[in-house]
Amino acid sequence: MQTAAREHALRRVLEHLGSSRVGQTFGLANIDSFADFRASVPILDRDRHAREVEAVLGFGVADVREAAAHELAGADEERGLAIAAWRARLGREESPRVAVLRADGPDPLSARTLLADVRGFATAVLHEPAIDDPSTTLAQLRAFDPEVLVVPSAMTCAWLERARRMPLEHGLPRLALVLCEHDIGRPLRSRVPLASAGWFWRGVRAGVPSPRPPADAIALAVGTLLVELLPYSNPEDDGRRVYADRTVLPEDALVGHRYEVVCSSALGLLRMRTEQHVRVVGFDPPTPLAPFPRPRVVRLSTPPADVALEGCTVAGSWLTASVRQALSREDPALVGAEIGPDPQSGSSRAGRRPTTSLRLADAFGETELDAGGTKTGMKRVELRRPRALLCRIELQGFVRRDLAARLSERIDESLRRRSPAYAWLREKDELDPPRVVVQPAGARAADQEARLLALHGPVWLPEVRVVGA
């Protein structure tokens, strides 16, 4: 469906990027409709988008130094919807006093957009871009006496509560609403209702807060940028996510289904798979910009990535399940774990031939600097994948000296049951058993503290996560 909002967003993309090298590569000058755009421009994953779009543009996806960056992002176009949703959550039309605890972080354009939304909503604004310590911050908040508090993560509120060992409303009696961008499902002592502050991503408004339940629901910002949804299979069925060949339009989404969001924007996003996942929970009414039901979604944690080892790829869901199930009741409690390829396992073993190689030109071939002495200027370079997994795990309780070895055996056995390819390679001694490292107590808490003090982005992390895949 071609709507006024889509035509406007598409025209911004074509006008801003059509004459660039990226526009020439993807033939943007010959596109005259959104259907043509979807048929002509391929869906780009993060790596390919970085190579073929961001690197060519030379400034990434958002040059915030441009005076027109705010306009290119379409930041003002759905501000009224966000403010109306906040007023509905607050339960009154009067403009409240709003305190904002948020730093610019790596995405200052999104931070400015949120602050502009708040100024359109509030009668007075206190903006604190940094926190020295929670007691000082609470004193500043008490002096301002806000009715609404805006924070990047609900866990920021939990951190403030822990500092004084009491719910927020005991120190801020007029506080009636907390707006969060992330981690709304995290538990708080406070009884003050939580609601979504919206969804901002790489300089664009990706979602508008919805006045309808659940509290963390957002409506996709279909009136601001070009949004598509990429369906995929349930990874619980076979351990791997299988993506569809084509996207669906937001108005064609199905309630209860999960999708990865694909975005295009004049800031330099071209049908980019954002690695941001949502589940559709309903639809919000049409608007003049988007005269069709707008999907209301909740954001999901990014599914664990698959890990490529020598000879096979292990599903991320299998990895996380294997780590959780490796701990018995009598073992110490799991605080957090990170699992990924072991960088120490990629070196060649004696007597083994490399399974992967690439012939590369030598810049000094046929010169006195040619260390290999080749006549053709070509030399064989081994490209090896890791042969084992590395699991860094933090536990609470007494850790026996042999626990790391026993956890390695249990993770290995679990992966053998789940993956025939992994089991076959282990039998052939082509893969090594996982290496388990028990981290000192407090490592996860220190990481969480650093995320809290940064005042941007999510704070909560999955109990077990896949890294460095």
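Taken together, the values in this text are just the output of simple stated rules run on the coordinates, not laboratory data. Since the model is a prediction, treat every value here as computed from it, not as a measurement. Cβ coordinates were reconstructed from backbone atoms using ideal geometry, including for glycine residues, and neighbour counts include every protein chain displayed.
Rounded to the nearest 0.05, what FRET efficiency do A55 and A29 give with R0 = 25 Å and r taken as the Cβ-Cβ distance? Could you check?
0.75
Given 0.36 nm per residue, what is the gain on full extension from L254 to D104 after removing their alpha carbon distance, in nm?
The span from L254 to D104 would gain 50.5 nm if fully extended.
For the peptides 179-192, 266-279, what is the packing order when you average, over each peptide's residues, the other Cβ atoms within 10 Å and list the highest mean first?
So the order, starting with the most tightly packed, is 266-279, 179-192.
Calculate the dipole size of the chain relative to its Cα centre from +1 charges on Lys and Arg beta carbons and -1 charges on Asp and Glu beta carbons; express the result in debye to the nearest 20.
Values: 64 positive and 62 negative charges, 194 e Å.
In debye, rounded to 20, the chain gives about 920.
Hey, what angle do you get for helix 79-90 against the long axis of the chain, alpha-carbon based, 0 to 90 degrees rounded to 10?
70 degrees
Measure nothing but the geometry: give the 0 to 90° angle between the long axis through the Cα atoms of 154-164 and the longest principal axis through the Cα atoms of the chain, rounded to 10°.
The angle comes out near 80 degrees.
How far is it, in nm, from the label point at H170 to the one at A139 when both lie 7 Å from their Cα along the line to the Cβ?
Here the modelled spin labels are 2.0 nm apart.
Which value in deg cm²/dmol, rounded to the nearest 500, describes the helix-derived mean residue ellipticity at 222 nm for the chain, given -39,500 (n - 2.57) per DSSP H run of n ≥ 4 and division by the residue count? Intermediate values should be presented prior to the final figure.
Working: 15 runs with 137 residues, N = 469.
The helix contribution divided over the chain gives -8500 deg cm²/dmol.
So if R0 is 22 Å, what FRET efficiency would R417 and R324 give, r being the distance between their Cβ atoms, rounded to the nearest 0.05? Don't jump to the answer; show the numbers that get you there.
Values: r = 14 Å, r/R0 = 0.66.
So the FRET efficiency works out to roughly 0.95.
Using the per-residue mean of other Cβ atoms lying within 10 Å as a proxy for protection, in what order, highest first, do the peptides 394-401, 296-303, 415-422 fall?
Per-residue mean Cβ counts within 10 Å order the peptides as 296-303, 415-422, 394-401.
Using a simple spin-label model with points 7 Å from Cα along the Cα→Cβ vector, what separation in nm is obtained for R119 and A333?
4.6 nm
With a 10 Å Cβ neighbour count serving as the proxy for reagent exposure, in which order, fewest first, do W460, W318 appear?
On the way: W460 16, W318 21.
Fewest to most other Cβ atoms nearby, the residues stand as W460, W318.
Determine, from the Cβ-Cβ distance of R435 and F292 and an R0 of 51 Å, the FRET efficiency 1/(1 + (r/R0)^6), rounded to the nearest 0.05.
0.45
By how many nm would the segment from D36 to D402 grow when fully extended, if each residue of separation counts as 0.36 nm and the alpha-carbon distance is taken off?
Working: separation 366, 0.36 × 366 = 131.76 nm, distance 6.10 nm.
Full-extension gain reported as 125.7 nm.
Shape verdict for the chain, please, from the Cα gyration tensor: rounded (a/c under 1.5), prolate (a/b greater than b/c) or oblate.
It comes out oblate by the Cα gyration axes.
Work out, step by step, the length gained on full extension between R46 and S20: first 0.36 nm times the residue separation, then minus their alpha carbon distance; give nm to one decimal.
Values: separation 26, 0.36 × 26 = 9.36 nm, distance 2.02 nm.
Gain on extension, R46 to S20, equals 7.3 nm.
What is the helix-to-structure angle for 443-454, meaning the angle in degrees between its Cα long axis and the longest Cα principal axis of the chain, kept from 0 to 90 and rounded to the nearest 10?
Taking the Cα atoms of the chain, the angle to 443-454 is about 40 degrees.
Going by how many other beta carbons lie within 10 Å of each one, how would you line up D429, D117, D145, fewest first?
With the sparsest Cβ surroundings first, the list reads D429, D145, D117.
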